[in-house]
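The values are calculated or read from the model by the stated rules, or taken from the named source; none is laboratory data. These figures come from a predicted structure and were not determined experimentally. Quick reminder, even Gly has a Cβ in these numbers, built from the backbone with ideal geometry, and neighbours come from all protein chains shown. We work out accessible area using only protein heavy atoms, side chains counted, and drop any ligands, DNA or RNA first. Shrake-Rupley method; radii C 1.70, N 1.55, O 1.52, S 1.80 Å.
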Amino acid sequence: MEIRKIDQLSFEPFIREEEIQLAIERLAKEIAPAWKDKNPLVLVVLQGAFVFAADLLRQIPFSVDIEFIRVKSYEGTESSGEVRSVMGLELPIIGRNVLIVEDIVDTGKTAVYLRDLLIEMGANHISMATFLYKPAANQTDFEPEFVGLKIDPTFVVGYGLDYEGKGRHWPGLWRLISEK
Ligand code: 5GP
């Protein structure tokens, strides 16, 4: 089994690219009928969701507006839960049906922050498609509507997700090997 390293941390293969693509195909089939008449504004949360968004959105056959936003909320391998700022929200939100595209819902705090912000900005309907969801780590009442894969609360990289800026381009998902 191939082990990859970032700094002093080791990662093992976790979910293969083929399995991810199957999950995304299924997700696109759930999203498309539900959103085709909603003139969606898709907000892709950078940087982690860029690979997922590229694969998912190419399977959506109708026209959508797409914007890329950044929410800074995470340091190291544990979610700080401190959301600091949102950048890149430029199109008017009032009355829009907004589909947030996220890499992962962990504590759920980023999702709640974004949901509340978009409500405040006058969005009509808000929903989230997340590549990964760690239900056991969720500390909020937020439940993502569209989930690619549910995982246990371990730290993962690859397929857009990083550790200290590294590993985003790795194909498939890799799981942190915990030091014993
Ligand atoms: P939450 O606010 O739900 O705790 O965390 C959301 C953000 O934490 C995600 O957008 C992601 O950037 C980061 N995050 C949470 N879990 C992981 C993980 O397992 N791996 C990586 N690379 N980032 C994670």
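Looking at GLY158, is it within 8 Å of the ligand (Cβ to nearest atom), small (Gly, Ala, Ser) and either open to solvent by less than 40 Å² (accessible area, probe 1.4 Å) or out of contact with any Lys or Arg (no Cβ under 9 Å at 6 or more places or on another chain) (or both)?
Judged against the criteria, GLY158 is not a match.
Filter the range 135-153 down to the residues that are open to solvent by 30 Å² or more (accessible area, probe 1.4 Å) and in a helix (DSSP H, G or I) and list them by number.
PRO135, ALA136 - these are the residues of the range 135-153 that are open to solvent by 30 Å² or more (accessible area, probe 1.4 Å) and in a helix (DSSP H, G or I).
Tell me yes or no: at least one residue of the range 89-102 is more than 17 Å from the chain's Cα centre (by Cα), more than 16 Å from GLY48 (Cβ to Cβ) and not in a loop (DSSP other than H, G, I, E, B).
Scanning the range 89-102 turns up at least one residue that is more than 17 Å from the chain's Cα centre (by Cα), more than 16 Å from GLY48 (Cβ to Cβ) and not in a loop (DSSP other than H, G, I, E, B).
Residue by residue through the range 1-51, note down the ones that are in contact with a Lys or Arg (Cβ under 6 Å, 6 or more places away or on another chain) and either surrounded by 15 or more Cβ atoms within 10 Å (Cβ to Cβ) or not in a strand (DSSP E or B) (or both). If you could, list the steps in order and put the result at the bottom.
In the first step, residues of the range 1-51 are kept if they are in contact with a Lys or Arg (Cβ under 6 Å, 6 or more places away or on another chain); the result is 6, 11-12, 14, 41, 46.
If the condition is that a residue be in contact with a Lys or Arg (Cβ under 6 Å, 6 or more places away or on another chain) and either surrounded by 15 or more Cβ atoms within 10 Å (Cβ to Cβ) or not in a strand (DSSP E or B) (or both), then ILE6, PHE11, PHE14, LEU41, LEU46 are the ones that fit.
Any residue in the range 166-180 that is more than 12 Å from the ligand (Cβ to nearest atom) and either more than 18 Å from ILE15 (Cα to Cα) or surrounded by 19 or more Cβ atoms within 10 Å (Cβ to Cβ) (or both)?
Applying the first criterion (more than 12 Å from the ligand (Cβ to nearest atom)) to the range 166-180 yields 169, 171-172, 177-180.
Within this subset, residues satisfying the condition of being either more than 18 Å from ILE15 (Cα to Cα) or surrounded by 19 or more Cβ atoms within 10 Å (Cβ to Cβ) (or both) are 179-180.
Yes, there is a match, as at least one residue in the range 166-180 is more than 12 Å from the ligand (Cβ to nearest atom) and either more than 18 Å from ILE15 (Cα to Cα) or surrounded by 19 or more Cβ atoms within 10 Å (Cβ to Cβ) (or both).
Can you run down the residue pairs with Cβ atoms below 8 Å, 6 or more apart or on separate chains, where the first is in the range 93-108 and among the basic types (Lys, Arg) and the partner is open to solvent by 30 Å² or more (accessible area, probe 1.4 Å)?
Sorted first by the residue in the range 93-108, then by its partner, the pairs are ARG96/ASN39; ARG96/ASN124.
Check whether at least one residue in the range 52-60 is among the small types (Gly, Ala, Ser) and either outside any helix (DSSP H, G or I) or surrounded by fewer than 13 Cβ atoms within 10 Å (Cβ to Cβ) (or both), and report yes or no.
Taking the range 52-60 as the starting set, the residues that turn out to be among the small types (Gly, Ala, Ser) are 53-54.
Those left that are additionally either outside any helix (DSSP H, G or I) or surrounded by fewer than 13 Cβ atoms within 10 Å (Cβ to Cβ) (or both): 54.
For the range 52-60, residues among the small types (Gly, Ala, Ser) and either outside any helix (DSSP H, G or I) or surrounded by fewer than 13 Cβ atoms within 10 Å (Cβ to Cβ) (or both): present.
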